[in-house]
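We did not get these values from a lab; they are worked out from the coordinates using the rules stated. Computed from a predicted structure; not experimentally measured. All Cβ positions, even for glycine, are placed from backbone atoms using ideal geometry, and neighbour counts span all protein chains on display.
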């Protein structure tokens, strides 16, 4: 329906002339009702929780229970080469590939993350894809969707409410008073509270604060701070939980603070874990939206890509794999970050086995790796990036080859998607195709941004071929491997480091963690820049002979993540001097939100 | 359907033996789908935005436009005598009256406020009514509903993000830098920022805080604080806006801070008003739920009852009056607070004309006013309140008579609802009935808590009679009346004060406001305790010979409220030492939330 409609109107829907939101608005005129979308995909009426007419939530537990005997469809991850700071179009390719596959098969779906309100109101640009490959309806997608991030925020902050109120009541009351209320004295150390409050905006002024000023009923005076909601451990859990029971248990293990003896104090100790989970029951159901050509897209969870997996939820993928022959999911950043976490964390927890990984590459990014001038967001692109220079592209290929090798180590088949820009020359494309094929991988040029699904047929066919081919998916390391051996493996076999170094603090922590059998099955979730294969964002291409420096190791007890830190963690971005909210408004006649994209 | 079902199972559904949530759960087994509920009420498919299967939002603009020629139904406000700290059952009576009226007429509806997450997680007890007169589905009602409070929180906090980021960028950049971004220097005075951040929990530790610690990119160091979300001016606006245009304009007039010359800085000056409104487009549509007997209940907005109107939204009532023959809306606290604001603010802004006001009275509260022992929440009720003592009830009647007179001043007909407890004696009831009838008002005993609609027939019939009677509704004061003359009128004619006194600060502010013609049409929104007709919560009955002391006058420029302060304003309640969240949990097999009620 919609394909035809867009096809017929192609002249009107020219993404080189129209803005993304204009294309989305046009596509929304003929988008499917969520009832039709769901029923065509095989979801029963009672499994769909509509939110208005064009999106809804899916009762994942009901679908998984009903279809537990049905084999999964093909599972395709979309990742990328090391990107420029502008990004190389992973979400757009995810949507475009779904649209392309839909030309070959009726049961196709995608999954992407829910965007945070922080960037939406600070930096112009939606996270819903672009051009003729977008996820719609666009306004709710960009503006809180069905409230999952708000629910994460509420669940998280309730833990902080419980902690700070407990600190106050323990400070101002004796043991008898506490015993009457069946409370034991937790002796919380106010100087050792790793958890912050959260808010889903870029609120740098709340990064470091002092709370509890005033009298004895105004809390307990201490340092505190806010992080952005999507960096919350609760959000990390929403992305990787596998059942409501699992969710409940992980929430109860979150460490909020430490007592004066250094023992962890969890949400369970604070008796707030049940109430936190109550906020998450609805949020645990994935959201169902559609591509601009009418295929189902699951949008669920939006965790950070450093201290969490940076990709949409396991339950969304599970449901989609029961309903689809091909399901395309996106993992954040390059294959060193996003795919590595998809592979060794998400698939480990879910038990799902992917069939193929698409590596999105652009001529622009390869030129940067070949030595092109610095790419800075908000500044005009240097002419190097718009004039044909096959030799420069060639010099950048090492980066792409590294990511191809990474995917091959996982035992599945890589497909390189050359995400085509109109400035790319045939010679440049040929250089990439040759190199990819010489490396034993498939390559496809894709013009989904310009043409939608019609432009992604070459990519879709390559992906179908790759999925049919023999597949020997294996995790990079076994659960039994020690923390430092895992880090070594990731650093050398994925990043291409010569070795790993530790600060004394990090080494001490690593030793303690390795000695703690309660954490032996925790996932290893690396923090490293996405702008280089190394830890140094200025090193482009395929750096060699470098050592990965582990500065610190964090533990997220609820999510079950050990986080070795080899890069910056910014948990609260800042609002710039020219933020996007200045241009957002509402048409009071129609109720349409303007300027959001 | 449901009535019959509850009727047939009456023995099982005995509220003296069951908890409220058990009754709600039973009623939910046979509740109407939101599609059926809406279509039976006359809402078209495209005007309903379902949120799951049993509740939804109503596109108020579409309904009001379609039915603009249809006359309004009868408009009934439920208020109360001066309550004990336990409350006298206004929400329960609102729902019960709807159920009772439904036995006489097919087109009946109610409207109540959305509860805040603060009390829900701190104090046990839902705000959805009780016994056989409740609003369902109960879990979403108590747990964020469709996210409106979250949207208010986001809209509000975005203003604070814009303010604090602007303070930082003006402090760290020169005029040329600002001019390049088309920004003028606002010269915000960080010591004169009346707006706080909001969070919808009782978070006393965030009441008074210092923000912006750290370096020059970590905000601007200043005092700040959090209030509970339902006290936000954005929430006040959500309750009284009349169209999207009106909402947009009010949001843009909110004063966030002052510059160093003392001039107000609005959300419009910060260019954040459009983006704030974008958060509110969905939230502006009222939510549709149902009574335990299947009548429609609008739940929309939950503003504070002191610095705002403390009642559900104007748009909810407007829609309901187009669809119903009888629409029952609840106003917070006693008639001195809730009804006075309903009458002189809500009806003034909406232009709607009520037909009748129900004053909820209990034997318990009348005994308190007659001189009974102090009633303290959480402590067992003194035996005085459960043994028959008609003389004590009689001594308390003055309070009830004052509220009857207040309603009569408004020109509409009062109906006293004696909200029956099983401990009430016939003699006590007779004393009340006699006094009410002598005062020229109707009285009805109601047992809706115990029996649902069947128990509210006497009340329903009295209300129908009162609505049929001649009605001469008039505002207490004209728009042209000066601020102090308005305060004088409210104090003497509603509260029964002998006069009004002002602190020098309040007098100076009053003079400035009276001289400012831009504020001449602002509503006058009093702050006074609800526990006495006077400003002193310990004075029960009908105090006389006292003077109302105005300590301060606040201005809410967006809501358009002038707020004379004669009582405490607590914008951030505290979480107690034994909060309700300790007992809230989720059944991981069924997904049901337990302990929320």
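Distances between copies at residue B:588, taken between label points 7 Å from Cα along the C-beta direction, are 5.1 nm in increasing order.
Normalised by the number of residues in segment A:120-192, the mean separation of alpha-carbon contacts (under 8 Å, six or more apart) gives a relative contact order of 16 percent.
With the alpha-carbon atoms of segment A:483-565 aligned to their principal axes, the span from lowest to highest coordinate is 39, 24, 19 Å, starting with the largest.
Give me a single rounded figure for B:374-384: the average over its residues of other chain Cβ atoms within 10 Å of their Cβ. Mind dumping the intermediate values first?
Values: counts 0, 0, 0, 0, 0, 0, 0, 0, 0, 0, 0.
Rounded to a whole number, the mean comes out at 0.
Roughly how many Å is it from the Cα centre of segment A:408-443 to that of segment A:169-224, as a whole number? Computed from Cα coordinates, the inter-centre distance equals 54 Å. The simple Förster model, with R0 at 30 Å and r as the Cβ-Cβ distance, assigns residue A:67 and residue A:481 a FRET efficiency of 0.30.
Reported to the nearest whole Å, the Cα centre-to-centre distance from segment A:550-585 to segment A:137-155 is 19.
Given R₀ = 22 Å, what would the calculated FRET efficiency be for residue B:191 paired with residue A:223, taking r from the Cβ atoms and rounding to 0.05? Please list the in-between numbers first.
Numbers: r = 22 Å, r/R0 = 1.01.
So, using R0 = 22 Å, E works out to roughly 0.50.
Would you mind computing the Rg to Rh ratio of chain A from its alpha-carbon coordinates, Kirkwood style for Rh? The partial results should precede the final answer.
Working: Rg = 24.0 Å, Rh = 24.7 Å.
Ratio of gyration radius to Kirkwood radius for chain A: 0.97.
Each Cα pair under 8 Å and six or more residues apart adds its sequence gap; the mean of these over the residue count of segment A:415-478 is a relative contact order of 32 percent. Of B:103, A:346, the sequence from fewest to most neighbouring Cβ atoms within 10 angstrom is B:103, A:346.
Across segment B:407-425, the residues whose backbone nitrogen lies under 18 Å from the label position 7 Å along the beta-carbon direction of residue B:14 are B:421-424. Across all C-alpha atoms in the protein assembly as shown, the radius of gyration and Dmax reach 31.2, 102 Å. Note on residue A:387 and residue B:433: the model spin-label points, each 7 Å out from Cα along the C-beta direction, lie 9.9 nm apart. Between this copy and the others, label points of residue B:44 are 3.4 nm apart in ascending order, each placed 7 angstrom from Cα in the Cβ direction.
To the nearest 10 degrees, how steep is helix A:397-409 against the longest Cα principal axis of chain A, on a 0 to 90 scale? Between helix and principal axis, roughly 70 degrees.
When only C-alpha pairs under 8 Å and at least 6 residues apart count, what is the relative contact order of chain A, in percent?
20 percent
With a cut-off of 12 Å on the backbone N, the residues of segment A:166-202 near the modelled label site 7 Å out from residue A:216 along Cα-Cβ are A:169-174. Angle, helix A:90-101 long axis vs. longest principal axis of chain A, Cα atoms, 0 to 90°, nearest 10? The angle comes out at about 50 degrees. Here the Kirkwood formula, the inverse mean of 1/r across different C-alpha pairs, assigns segment B:48-206 a hydrodynamic radius of 20.3 Å. For segment A:498-515 versus segment B:498-516, the spacing of their alpha-carbon centroids is 67 Å. In this label model, residue B:353 and residue B:492 are separated by 2.8 nm, measuring between points 7 Å along each Cα→Cβ vector. For chain A, the mean residue ellipticity at 222 nm estimated from helices alone is -9500 deg cm²/dmol, where every DSSP H run of n ≥ 4 contributes -39500 (n - 2.57) and the total is divided by all residues, rounded to the nearest 500.
Along its principal axes, segment B:185-325 has C-alpha extents of 59, 33, 26 angstrom, given from the largest down.
Projected label points at residue B:425 and residue A:171, each 7 Å from Cα along the beta carbon direction, are separated by 5.2 nanometres. Given a Förster distance of 51 Å, report the FRET efficiency between residue B:260 and residue A:594 from their Cβ-Cβ distance, rounded to the nearest 0.05. The computed FRET efficiency comes out at 0.95. Tilt of helix B:504-515 relative to the longest C-alpha principal axis of chain B, in degrees (0 to 90, nearest 10)? Between the helix axis and the principal axis of chain B, the angle is about 80 degrees.
A point 7 Å from Cα along Cα→Cβ stands in for residue A:570, and the other copies hold the same point at 4.1 nm, listed in rising order.
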